[in-house]
Structures are given as C-alpha cells and as structure tokens.
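**Q** Below are the structure tokens for one structure; questions will follow.
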Amino acid sequence: MRLTTDDRLDIAELPARYADALDRLEPHRLREVFADDAVWEMVDRIRLNGLDEIMEFMGRSDVHPGAHLMTNTYIDRTDESGDGGAIVHLKSRGIYPVGPSDPRNPTSVFYGRYDDEVVRTDVGWRIRHRVYRHGT
C-alpha cells in the first residue's frame, strides 16, 4: 500500500498529539492517538492493554515528566496487513525535561525512543502498538 501525503501527515502528527494530551493532562484526547485495542509498553517495566487502561495510566500526573518534546519522527517502513491494509512502522524520540523551567533552577532531562505500529481505523490512523525504551 502506498501512503498518500495526507496519510503521512496524519501519521507524523501522532507523537505530537500524544505529547500534548499528556502535558495538558487530557487523557481523553488519547482517542486521537491510539486504537481501541492498543498496547502501550515500556520495555522491562509496564504493559497497558486497551485504550481505557492507557488513558487511566496516562491521566495520572504522578507518572509523567512536566513536558514531552517529540523529535526525530519518521516512517521506517510499511508492511501489508492480513486484511489488505497497511501496518506503518513509525519511529520517534522523546526528550523529557524534569524540574522547573527557570534559569535559576536548572532543568534536567531524560530521553527515550518510541517504536510504533500504526494502522488505519474507521476514525483515521491510530497507534496499535507502542513500545518505549529509555535512553536509546
């Protein structure tokens, strides 16, 4: 399946939509990012199954840094799915400032990598499976 320019733009927006929903503590907006049956994993730490579980966890302010800065977003490859559609393999990186954003109080950061499988659903392109790895 060949992706159109509109497909590519819709897919490339998913990491930013994810970050914005978390940073604004609006987990309901993750419906714009994940498929209903999505899986979100942090390697060797946690696995969330289904959109409701993802939204519940992501809505907790105690588990997130203050900001998610998404970068290096690109489509790695596209495979055919069993139903004639496509599975898009999207890569991105995140940088996460921790602490006050003030010159007198330095902010430290951590970072990681996202590997996503993205599929077209009835409501548009959505992440079906996200894997996060710290620091790689």
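**Q** Can you name the residue in segment 4-19 that is free of Cβ contacts under 8 Å to residues at least 40 places away in the same chain and in a helix (DSSP H, G or I) and is also nearest to Glu56 (Cα to Cα) among such residues?
**A** Arg17
**Q** Within segment 3-17, does at least one residue satisfy the condition of being open to solvent by 30 Å² or more (accessible area, probe 1.4 Å) and touching a Gly at 6+ places or on another chain (Cβ under 9 Å)?
**A** Yes: segment 3-17 contains one or more residues that are open to solvent by 30 Å² or more (accessible area, probe 1.4 Å) and touching a Gly at 6+ places or on another chain (Cβ under 9 Å).
**Q** Also, I was wondering about something else. So the check is Cβ under 7 Å with 6+ separation or different chains; which pairs have a first residue in segment 28-54 that's at pLDDT below 95 and a second one that's open to solvent by 50 Å² or more (accessible area, probe 1.4 Å) and not polar (S, T, N, Q)?
**A** Note: pairs meeting the criteria are Val43/Arg133.
The values are calculated or read from the model by the stated rules, or taken from the named source; none is laboratory data. Fair warning: this is a prediction, and the values are worked out from it, not measured in the lab. Note that each Cβ is placed from the backbone with ideal geometry, even for glycine, and that neighbours are counted across all protein chains shown. All accessible areas refer to the heavy atoms of the entire protein, side chains included, with ligands and DNA or RNA removed. Shrake-Rupley method; radii C 1.70, N 1.55, O 1.52, S 1.80 Å.
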